[in-house]
Amino acid sequence: MNRSAGPRIFIAAGEASGDLHAAHLVEALRAHIPNASFRGFGGARLEEVGVELREDLVEHSVMGFLPVLRSLGGIFGTIARFEEEFRTDPPDLLIVVDYPGLNLNLARLARAHGVPVVAYICPQVWAWAPWRIGRVARRADLLLVILPFEEEIYAAVHPRVRFVGNPVFDHLASQDVGETERGELAEGGTRCLALLPGSRRQEVNANLGPQLRVAAALQAVDPTFRVWVSCQRPALRASIEAQIAAAPIEARVFPGSTHELQRRADLALVCSGTATLEQAWYGTPMVVMYAAGELERSLFELFAVAPHFALVNLFAGREVVPEILFTPGDEEEVVRRAKPLIAGPERQRVIEDLRRLRKDRFIGGAAEHAATEIAAFLRDRG
């Protein structure tokens, strides 16, 4: 490492949430290592904090077997460009942020070129491919996990694992969560039913249609519900509007950051992932519904290390909110689980459980704790 110039760090994030968390980590690292330089793969958030962006992966992020298969040409191109750069101008450290499909391959290539690797926000392979836990561990020199129970899971196969808190809570704590007028989201005595189908195109395509059908059934139970659909990226708006136009319900698009929608929602239908933690932060009853084929459901039932797939339930250690891996035709089951959350004792029980969960389990400071660990790791390596 060139001490006078400072460490050169390559950081790789492949989707919107990872891009955000990686940007916060870069800001924290600059406080610990002021002379560090950064380049990498990511999106607009990393570029905003001064990372020299080699490729924008956020707009083209994919998940699931078939979408990944169709995108292999682009993925292999990215890997080839990465390997060439690491062969000719290797950095002092690679930090990979979640996104295992690509990042595990980048980590393997980096270590082959003698570049140490830190994994921040270790991929949740325990949920859907636990046999890959050892593979994740072998690809990194330091594992920084954001779920408390992950420390034990990874410590069984890796000597250097640290739980650093969860970056979602840092971001949420920075938001204005004071009471304000509910505005057009719930005006004239209406209530807000929020639909969060995901931030990736294939998630929106798979989840939104069923969410709209469930929302129609819930609106029939409580006609005061006004339905809003989260649209986190402008590129998704046309697809969302087309699905709304074909749905048996009137709904409006809520563009941009989801937090205002989540904060003001009375009930939410949420795709799995960090959105469940965000919704829990605001104490809103929700049903976590995620589109999955029969094969995916069978694999989860057979191989999953954890008893739940919804992060909010994993933090609680039990099912606080309903979670359903659904296939087309399962909408009636989602409606059945959601109805008690509209009003009554079950709704109040969920609200109280979510408030306790936020107070007792939602630990922040992840970017700062991770930066401390990474700075120490670099010092140890000399």
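The values are calculated or read from the model by the stated rules, or taken from the named source; none is laboratory data. Quick caveat: nothing in here was measured; it's all calculated off a predicted structure. Positions of Cβ are generated from backbone atoms using ideal geometry, with glycine treated the same way; all protein chains shown enter the neighbour counts.
Are any residues in the range 248-263 β-branched (Val, Ile, Thr) and in contact with an Asp or Glu (Cβ under 9 Å, 6 or more places away or on another chain), and if so, which ones? Of everything in the range 248-263, those that are β-branched (Val, Ile, Thr) and in contact with an Asp or Glu (Cβ under 9 Å, 6 or more places away or on another chain) turn out to be VAL253, THR258.
Do we find that THR284 is assigned to a helix (DSSP H, G or I) and not assigned by TED's automatic domain parsing to the domain that holds VAL125 in this structure?
On the way: assigned to a helix (DSSP H, G or I): no; not assigned by TED's automatic domain parsing to the domain that holds VAL125: yes.
It is false that THR284 is assigned to a helix (DSSP H, G or I) and not assigned by TED's automatic domain parsing to the domain that holds VAL125.
If you go through the range 137-149 and keep only what is at pLDDT 90 or above and either more than 24 Å from VAL115 (Cα to Cα) or aliphatic (A, V, I, L, M) (or both), you end up with ALA137, ALA140, LEU142, LEU143, LEU144, VAL145, ILE146. Looking only at residues of the range 282-300 that are of a type in the set (Phe, Trp, Tyr) and modelled with pLDDT of 70 or more, we find that the one that is farthest from the chain's Cα centre (by Cα) is TYR282.
Given the structure, is PHE41 crowded, with 24+ Cβ neighbours inside 10 Å, at pLDDT below 95, out of contact with any helix residue (DSSP H, G or I) (no Cβ under 6 Å at 6 or more places or on another chain) and of a type outside the set (Gly, Ala, Ser)? Walk me through how you get there before you give the answer.
Values: crowded, with 24+ Cβ neighbours inside 10 Å: yes; at pLDDT below 95: yes; out of contact with any helix residue (DSSP H, G or I) (no Cβ under 6 Å at 6 or more places or on another chain): yes; of a type outside the set (Gly, Ala, Ser): yes.
Here the answer is yes, as PHE41 does meet what is asked.
So that you can scan it fast, the table gives a plain yes or no per residue for (1) among the polar types (S, T, N, Q); (2) out of contact with any Lys or Arg (no Cβ under 9 Å at 6 or more places or on another chain); (3) surrounded by fewer than 22 Cβ atoms within 10 Å (Cβ to Cβ); (4) closer than 23 Å to GLU323 by Cα:
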{"position": "LEU208", "(1), (2), (3), (4)": "no, yes, no, yes"}
{"position": "GLN219", "(1), (2), (3), (4)": "yes, no, yes, yes"}
{"position": "ARG233", "(1), (2), (3), (4)": "no, no, yes, no"}
{"position": "ARG237", "(1), (2), (3), (4)": "no, yes, yes, no"}
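Can you tell me which residues in the range 226-248 are part of a helix (DSSP H, G or I) and in contact with a strand residue (DSSP E or B) (Cβ under 8 Å, 6 or more places away or on another chain)?
To start, the set of residues in the range 226-248 that are part of a helix (DSSP H, G or I) comprises 234-245.
Answer for the range 226-248, where residues must be part of a helix (DSSP H, G or I) and in contact with a strand residue (DSSP E or B) (Cβ under 8 Å, 6 or more places away or on another chain): PRO234, ARG237, ILE240, GLU241, ILE244.
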